[in-house]
Amino acid sequence: MGDTNMIDNWLGLEGKVCVVTGAASGIGAAIAETLAAAGARVVLLDLNAEGVSRLSAQLNAAGATTLGLALDTADEAAVQAAAQRVQGELGPCQALINNAGLLRAAPLADVSLADWNQVLAVNLTGYLLCARSFAAHMRERGGGSIVNVASISALNPQTNSGAYSASKAGVLLMSRQMAAEWGPQGIRSNAVCPGMIRTALSAKFYEEPGFEQKRAAVTASRRIGEPVDIANVAAFLASDRAAYVNGAEILVDGGMDCMLMDLVPRPGYNQTGKAA
């Protein structure tokens with residue numbers, strides 16, 4: 001591996017104000033940590049007040065400049081207030097990483113309307129509210145970057161998961177629409193689609209003997225992703241190194257999406273199910 005400082009400096013994020021939603025844990029926390037390591041001034045937004053305060057304090061103790069705010073990203077007034085505070089304390093937002101999300105498991109025949117609406121409110125409407133509020137900062141300074149964390153489930157239906165796939169599919173098209181409408185104003189909008197990523201929410205699954213090996217075997221890379229795998233892509237898209245990347249959807253799934261034909265039984269040919 002190369003020099004970490006060289007890699008961080010290559011991104012050119014030092015001093016830039018980057019806002020991360022859903023930053024208290026999992027992928028959001030990894031994104032916040034990666035941006036902070038690159039020298040960005042990071043705003044952490046999350047409904048989990050204790051979690052966002054703890055991570056903000058940890059990053060500040062390590063020499064970073066961060067601001068942790070507890071809020072519901074589906075609350076328009078709260079988002080607008082947060083945007084004003086960020087601009088007042090750190091300056092205009094230069095990159096927004098929309099990541100806050102939730103899942104309410106249920107088959108479509110049974111999912112309650114309340115759960116359906118809540119998932120759409122956080123996973124889709126919340127992205128719009130944050131993008132509108134922080135894009136205003138970007139216009140004032142002549143441009144910026146929005147990174148929308150979607151999911152491989154936006155491209156392939158995740159059954160028995162209520163509105164999750166529908167919400168993430170909406171994120172993809174909304175992200176492209178942001179690129180088309182706001183690109184002329186210097187604002188880039190791109191989406192990242194994580195595959196199977198090991199987070200606190202999925203940790204219990206991997207305690208089952210053989211479970212990780214079975215999951216890893218349906219990826220071309222033969223491993224489960226880590227939050228930092230998503231964070232590295234998000235940091236690149238947030239940086240000016242991705243200046244001509246706009247309206248893109250990037251799969252970060254270890255090649256799981258390209259494994260469909262290998263799942264079709266072909267005696268003597270199939271590799272899926274075998275370890276690396």
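If I ask for residues that are farther than 19 Å from A135 by Cβ and over 17 Å from the mean Cα position of the chain (by Cα), which ones from the stretch 34-50 would you list? Scanning the stretch 34-50 gives A37, A38, G39, A49, E50. Pairs meeting the criteria (first residue in the stretch 83-105 and more than 17 Å from I230 (Cβ to Cβ) and in contact (Cβ under 8 Å) with a residue 24 or more places away in the chain, second residue assigned to a loop (DSSP other than H, G, I, E, B) and basic (K, R), beta carbons under 8 Å, at least 6 apart or on different chains) are Q94/K16. The one condition from (1) in contact with a Leu (Cβ under 9 Å, 6 or more places away or on another chain); (2) surrounded by fewer than 18 Cβ atoms within 10 Å (Cβ to Cβ); (3) touching a residue at least 40 places away in the same chain (Cβ under 8 Å) that Q158 does not meet is (3). Applying the criterion of being among the hydroxyl-bearing types (S, T, Y) and buried (at least 18 other Cβ atoms within 10 Å of the Cβ) to the residues of the stretch 47-73, the residue that is nearest to A83 (Cα to Cα) is T73. A Cβ distance below 9 Å, combined with a sequence gap of six or more or placement on separate chains, defines the contacts here; from the stretch 116-143, residues that are touching a residue at least 12 places away in the same chain (Cβ under 8 Å) reach residues that are basic (K, R) and assigned to a helix (DSSP H, G or I) in the pairs N123/K168; L124/K168. Scan the stretch 31-82 for residues that are in contact with a Lys or Arg (Cβ under 8 Å, 6 or more places away or on another chain), of a type in the set (V, I, T) and in contact (Cβ under 8 Å) with a residue 40 or more places away in the chain and the total you get is 0. At least 3 residues being over 23 Å from V192 (Cβ atoms) is the threshold, and among the strands (runs of 3 or more DSSP E) wholly inside the stretch 18-117 those reaching it are 65-70. Are any of the residues in the stretch 240-253 basic (K, R), buried (at least 17 other Cβ atoms within 10 Å of the Cβ) and modelled with pLDDT of 95 or more? No, the stretch 240-253 contains no residue that is basic (K, R), buried (at least 17 other Cβ atoms within 10 Å of the Cβ) and modelled with pLDDT of 95 or more. Every condition in (1) surrounded by fewer than 16 Cβ atoms within 10 Å (Cβ to Cβ); (2) at pLDDT 95 or above; (3) on the phi > 0 side of the Ramachandran plot is met by G210 except one, and the failing one is (2). Total residues in the stretch 216-247 satisfying the condition of being more than 21 Å from the chain's Cα centre (by Cα) and within 15 Å of T199 (Cβ to Cβ): the figure is 0.
Condition check for R223 on (1) in contact with a Gly (Cβ under 7 Å, 6 or more places away or on another chain); (2) within 26 Å of D115 (Cβ to Cβ): one failure, at (2). Between A179, A234, A200, the distinction of being exposed (fewer than 14 other Cβ atoms within 10 Å of the Cβ) and either in a strand (DSSP E or B) or hydrophobic (A, V, I, L, M, F, W, C) (or both) belongs to A200 only.
The values are calculated or read from the model by the stated rules, or taken from the named source; none is laboratory data. Worth saying up front: this structure is predicted, and the values here are computed from it rather than measured. Cβ: placed from backbone, ideal geometry, glycine included. Neighbour counts: every protein chain shown.
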